[in-house]
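First the structure, in the form of structure tokens, and then the observations on it.
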Amino acid sequence: MTRAYSISVEDVTAERERVNQDLSQVDVSRVIHLDELELAEMGVRDVRLRILAVSAEHNVDHAALADTVNIAELRGGKIYPGNSALGEVVAVGGDVTRFKPGDIVITHCNGEPDRFGFPKVIWAYDKPDSTGWYAEEAVVADWQIVPAPLECGLNLWEIAALPLRAPTAYHLWRRADGIFRVKVPEERLARMNVLGFGGGVSELFLMLARARGHNAFFCSGSPERRAALEAQGIPGIDQKAFNRFASRGDSKAFVKEVRSLTGGEGMHVVCDMLRGPIFDAGFAAAAREGVIVSAGWQLTRDVGYNSAAASIKQITLDHTHYETLEGVEAATELYGSVFKPTIHSEIYDFEDLPRAMVEMHENTQTGIPIIRVARDMPDSVAALIP
Ligand SMILES: NC(=O)c1ccc[n+]([C@@H]2O[C@H](COP(=O)([O-])OP(=O)(O)OC[C@H]3O[C@@H](n4cnc5c(N)ncnc54)[C@H](OP(=O)(O)O)[C@@H]3O)[C@@H](O)[C@H]2O)c1
């Protein structure tokens, strides 16, 4: 048995009833509970992990709210969430050759690749029978883990921030770049204008754009997160100065600002992730031949847009999800050199994970939230703990 967090449909329903279905009033800490889980028996290709640290991920918020789908219900009544983790290998099955006890690894959440490598389902979310890593121990198959790049220059918490968000950002980038280049080859325009809205994935996306030599802009409501990106050469746009695009006038003022920042051109690439008013603002800010990518729908699932305007401006909307296994390895190579994540000021204890999720929900964190799961850390990572 191991201690592990769970979300049950009874708790989701009870909390929604308590707040009369007003999702803005939901207290996610009443839905995410510390539970116990029997670990799966080890197979010959399995690896047992002691989880050292995890990042809080927004899909857990979606699971607790049941605002997109009621995943606990769809999964038969309960899920054990958590699909981003850093762990120590403690045992390996007989056919495992790539890992040995003592290795430090990171997970990825591609639950089942389709024939081109893209995930059909996500681990610890809609993959049947999958149990997540907001737990003290876990059993995973060897293809689900990647050696942690301990020499990359990041500290342990920064490495723990990236297993889910960095492959997502990497995939968004290679799709956006590839699509734009179908329309406008490099010799016609080498330096693109790239816009990302608030959130950990977008921040990493912009770091990649900047590292590839493009103009990157971060439109966020958080002064701390804007300052962190500005220190990496990515200027901020204060989203709250435009009231998060509450009115038409706010959006118009935002587009005017974008035009002035880009010499009248607009954004060749936009990373959305949130939808709702963010989608409309990104659409309006897009340059001719622009590409708008998203792997998220935090504010709304559905979008509406003027298809004639999109055609006339040659704008492409692309929907991505998560990386292929090869893409996950490639994204991991960029830890430290490109991906330098902003970490929230508090490192939460394992018992405080529900509070970390509440603070994520309330959007009061100053960076990616990290939960320290293991009290005793292996000697191999001691020097990486700030
Ligand atoms: N498909 C995938 O593989 C994948 C992977 C990761 C995430 N996602 C999804 O993508 C979305 C974003 O994830 P993330 O990890 O980047 O999120 P995150 O790091 O938790 O950041 C969320 C951001 O949302 C912004 N925000 C909060 N309330 C807002 C509002 N009312 N209006 C505008 N912005 C608001 C905040 O930005 P500011 O306050 O700074 O403006 C905050 O930093 C989530 O829905 C998540 O589930 C999908």
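Looking at the stretch 22-71, what % of the alpha carbon pairs are farther apart than 14 Å? Could the numbers behind the result be given before it?
Values: 838 of 1225 pairs.
The proportion of pairs with Cα distances above 14 Å equals 68 percent.
Mind jotting down a quarter of the surface of the convex hull over the alpha carbons of the stretch 167-319, in square nanometres, one decimal?
Values: hull surface 32.7 nm².
The Cα convex hull of the stretch 167-319, projected and averaged over all directions, gives 8.2 nm².
Which of 252/313; 183/256; 240/340; 127/313; 78/120 have a Cα-Cα distance over 27 Å? Don't jump to the answer; show the numbers that get you there.
Values: 252/313 18 Å; 183/256 25 Å; 240/340 25 Å; 127/313 39 Å; 78/120 21 Å.
With Cα atoms farther than 27 Å apart: 127/313.
What are the principal axis extents of the Cα atoms in the chain, in Å, biggest first?
59, 50, 41
Running a GNM on the chain with Cα contacts under 10 Å, which residue among 91, 161, 56 ends up with the highest mean-square fluctuation?
Of 91, 161, 56, the Gaussian network model singles out 91 as fluctuating most.
Please report, in debye to the nearest 20, how large the charge dipole of the stretch 167-319 is about its Cα centre when each Lys and Arg carries +1 at its beta carbon and each Asp and Glu carries -1 there. Could the numbers behind the result be given before it?
On the way: 20 positive and 15 negative charges, 34 e Å.
Roughly 160 debye for the stretch 167-319.
Choose one answer from 368, 51, 347: the residue with the largest mean-square fluctuation in a GNM of the chain with alpha-carbon springs under 10 Å.
Looking only at 368, 51, 347, the largest GNM fluctuation is found for 347.
Please identify, among 109, 219, 152, the residue showing maximal mean-square fluctuation in a Gaussian network model of the chain using a 10 angstrom Cα cutoff.
Of 109, 219, 152, the Gaussian network model singles out 152 as fluctuating most.
Non-local amide H neighbours of residue 267 (under 5 Å, H modeled in plane, Pro and chain starts lacking H): which ones?
286, 287
Only Lys, Arg, Asp and Glu count, each charged at its Cβ (+1, +1, -1, -1), so figure out the dipole size of the chain about its Cα centre, rounded to 20 debye. Don't skip to the end; give the middle numbers.
Working: 39 positive and 54 negative charges, 355 e Å.
Its charge dipole is roughly 1700 debye.
If you take every DSSP beta bridge whose two residues both sit in the chain, what share of them, in percent to the nearest 5, is antiparallel?
Details: 32 of 56 bridges.
Taking every DSSP beta bridge with both residues in the chain, the antiparallel ones total about 55 percent.
Order by neighbour count: 348, 335, fewest other Cβ atoms within 10 Å first, most last. Show your work: numbers first, answer last.
Details: 348 21, 335 24.
Listing 348, 335 from fewest to most nearby Cβ atoms yields 348, 335.
Each value in this text was obtained by applying a stated rule to the coordinates, not by laboratory testing. This one's a predicted model, so the numbers in the text were calculated from it and none came from an experiment. Don't worry about glycine lacking a Cβ; one is built from the backbone with ideal geometry, like all the others, and counts go over all protein chains shown.
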